[in-house]
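Each remark here refers to the structure printed beneath this line.
The values are calculated or read from the model by the stated rules, or taken from the named source; none is laboratory data. Because the structure is a prediction, the values reported are computed rather than measured. Quick reminder, even Gly has a Cβ in these numbers, built from the backbone with ideal geometry, and neighbours come from all protein chains shown. Ligands, DNA and RNA are stripped out before the accessible areas are found, and what is left, the full protein with its side chains, is counted by its heavy atoms. Shrake-Rupley method; radii C 1.70, N 1.55, O 1.52, S 1.80 Å.
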Amino acid sequence: MMSEMVQRTVKCRICHNDKSFDVPIEGYLKWRAGELIQNALPSLSMAERELFISRTCGECWDSMFPDDDEEF
């Protein structure tokens with residue numbers, strides 16, 4: 001049985017771009033009630049989950065924390 005979906009729009013706090021997602025309402029409500037987002041919404045990518053948590057989109061996150069292959 002398919003879970004009912006709900007559309008959520010999140011605005012990045014850095015670039016102010018809106019991103020919209022269709023998420024299972026049951027998982028979204030579980031996350032809002034305190035469930036870990038990776039357990040409640042496993043279908044979202046890591047970047048999408050981070051946007052929900054910190055309101056920082058993947059592009060802005062990568063700009064703030066670039067991969068650095070340099071070894072110390």
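Considering segment 1-46, and only residues there that are surrounded by 14 or more Cβ atoms within 10 Å (Cβ to Cβ) and closer than 15 Å to G58 by Cα, the residue that is modelled with the lowest pLDDT turns out to be F21. When the criteria are applied in full, E59 fails the requirement of being farther than 22 Å from S3 by Cα, out of contact with any strand residue (DSSP E or B) (no Cβ under 8 Å at 6 or more places or on another chain), in a helix (DSSP H, G or I) and open to solvent by less than 100 Å² (accessible area, probe 1.4 Å).
Reported count of residues in segment 10-43, each being assigned to a strand (DSSP E or B) and within 16 Å of S54 (Cβ to Cβ), is 5.
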